[in-house]
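Quick notes on the structure that follows.
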Amino acid sequence: MKYVYKLLVLLMVSFVSCNQPCNCDQGKTLGKYVLVIHGGAGTILKKNMKPEVEKQYRDKLAEVLKAGEDILKKGGSSLDAVTKCITMMENSPLFNAGKGSVFDAQGKNEMDASIMNGEDLSAGAVASVHTIKNPILAARAVMEHSPHVLLISKGAEQFAARQGLEIVKPSYFFTEKRWKSYLKVKAKQAVGEKHGTVGAVALDKQGNLAAGTSTGGMTYKMMGRVGDSPIIGAGTYADNTSCAVSCTGHGEYFIRNVVAYDIGALMKYGQLSLKEAANFVILDKLKKQGGDGGLIAVDHTGHFTMTFNTSGMYRAYATSEGYNGVFIYANEENIKPQKKKMK
Ligand code: ASP
């Protein structure tokens, strides 16, 4: 009888200490998944967008989302889902990352990327690279196969080659569209509008979080300029005890405000919810400073947010509950979320 009573007490204690209605293991949410991706924030207005171009973006985001979701559905890791989504967006000329990267002041493509594992806080990043086809794969290799967190320029390129990653000629990254915007910005001699950076965050069925970001930076940026995207804590952060974050926007503001880390810190030390933290940092703090941009984030219980202070952000999400959606302009999500089957 004494043992039955003890067992009952034990069961009650473990039930109360686990604030999730679903399976939990040391604060981890088990069995459910969430995936959120972005393709950059900026001045993205319906009136300036050709319908066929809008369709290209929506289709690509849906395709990327599905590929990432397939990994999570099968019990794959958040790291693999994030890596897959970002690689696919890097291979598309639509986004300012990998193939579609913008040109710097020298007329060159200089790319940055980073990835972080929320399970053990391991992280990897590359900056100012010109010849790595998929900078996110190089960032992951830095995390998994080097004792370092951030490699830059030639060192990063040599390391990527040694890791067997695909190395391409810088001309691979040339696209007519980005060259035209480079020429336009060059005529004005000012750093240009930047949108199209890509990122992904995920919670997997094992309760692990991951985040990654990849970018060509800002059009006409100075040679050697590094933005927030490869800076762990600024553009990317993941910690299983709080959340996973990927940012996009005017990098200098995101670095100065350590945005990605700040979201998790506000949750952990300030007891803010993910939504409250993101709203405060993006819509209040950054907005007041003139820092344009946004972020996607998912917390360890599966709450997620896509918050931005610009007119648009290419974005999409999918959850194990069957909810998903692809959005471009502000306030599109206000149309009630639908449980719909992905193509
Ligand atoms: N954050 C990127 C950078 O500053 C650009 C972007 O997200 O659009 O390099």
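I need the full set of residues from segment 217-248 which are on the phi > 0 side of the Ramachandran plot and open to solvent by 10 Å² or more (accessible area, probe 1.4 Å), in order please.
Looking only at segment 217-248, we keep the residues that are on the phi > 0 side of the Ramachandran plot, and these are 217, 220, 224, 233.
Within segment 217-248, TYR220, GLY224 qualify.
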- Note on THR219: of the conditions (1) at pLDDT 95 or above; (2) among the hydroxyl-bearing types (Ser, Thr, Tyr); (3) part of a loop (DSSP other than H, G, I, E, B); (4) within 12 Å of the ligand (Cβ to nearest atom), unmet is (1)
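Where in segment 78-167 are there strands (runs of 3 or more DSSP E), lying fully within it, with 1 or more residues that are on the phi > 0 side of the Ramachandran plot?
Working: elements: 111-117, 122-129, 150-152.
Where strands (runs of 3 or more DSSP E) fall fully within segment 78-167 and carry at least 1 residues being on the phi > 0 side of the Ramachandran plot, they are 122-129.
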- Residue check, GLY294 modelled with pLDDT of 95 or more and exposed (fewer than 14 other Cβ atoms within 10 Å of the Cβ): no
- For the subset of segment 186-216 comprising residues that are open to solvent by less than 10 Å² (accessible area, probe 1.4 Å) and among the β-branched types (Val, Ile, Thr), which member is farthest from the ligand (Cβ to nearest atom)? VAL201
- Quick one: in segment 245-292, which of the residues that are among the hydroxyl-bearing types (Ser, Thr, Tyr) and touching a residue at least 24 places away in the same chain (Cβ under 8 Å) is farthest from the ligand (Cβ to nearest atom)? SER273
- Message: I'd like the full set of residues that are away from the ligand (no atom under 16 Å from the Cβ), touching a helix residue (DSSP H, G or I) at 6+ places or on another chain (Cβ under 8 Å) and not charged (D, E, K, R), limited to segment 35-60.
- Response: LEU35
- Message: Looking at ALA238, ALA330, can you tell me which residue is within 14 Å of ALA41 (Cβ to Cβ) and more than 16 Å from the ligand (Cβ to nearest atom)?
- Response: ALA330
- Message: For segment 199-221, check the following and say yes or no: at least one residue is free of Cβ contacts under 8 Å to residues at least 12 places away in the same chain and over 14 Å from the mean Cα position of the chain (by Cα).
- Response: no
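Kindly indicate whether ALA125 is among the aliphatic types (A, V, I, L, M), within 16 Å of the ligand (Cβ to nearest atom) and either closer than 18 Å to SER246 by Cα or crowded, with 24+ Cβ neighbours inside 10 Å (or both).
yes
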- Test LEU94 against the criterion of being open to solvent by 30 Å² or more (accessible area, probe 1.4 Å) and among the hydrophobic types (A, V, I, L, M, F, W, C), and give yes or no. no
- From SER181, SER171, SER153, grab the single residue that is open to solvent by 20 Å² or more (accessible area, probe 1.4 Å), touching a residue at least 60 places away in the same chain (Cβ under 8 Å) and over 28 Å from ASN240 (Cβ atoms). SER181
- Of the residues in segment 293-311, those that are within 13 Å of the ligand (Cβ to nearest atom) and within 16 Å of the chain's Cα centre (by Cα) come to GLY293, GLY294, LEU295, ILE296, PHE308
- Item | Scope segment 168-190; condition outside any helix (DSSP H, G or I) and either basic (Lys, Arg) or closer than 19 Å to ARG225 by Cβ (or both); matching residues | LYS169, GLN189, ALA190
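The values are calculated or read from the model by the stated rules, or taken from the named source; none is laboratory data. Note that the structure is a prediction, hence the values are computed from the model and not measured. Don't worry about glycine lacking a Cβ; one is built from the backbone with ideal geometry, like all the others, and counts go over all protein chains shown. We work out accessible area using only protein heavy atoms, side chains counted, and drop any ligands, DNA or RNA first. Shrake-Rupley method; radii C 1.70, N 1.55, O 1.52, S 1.80 Å.
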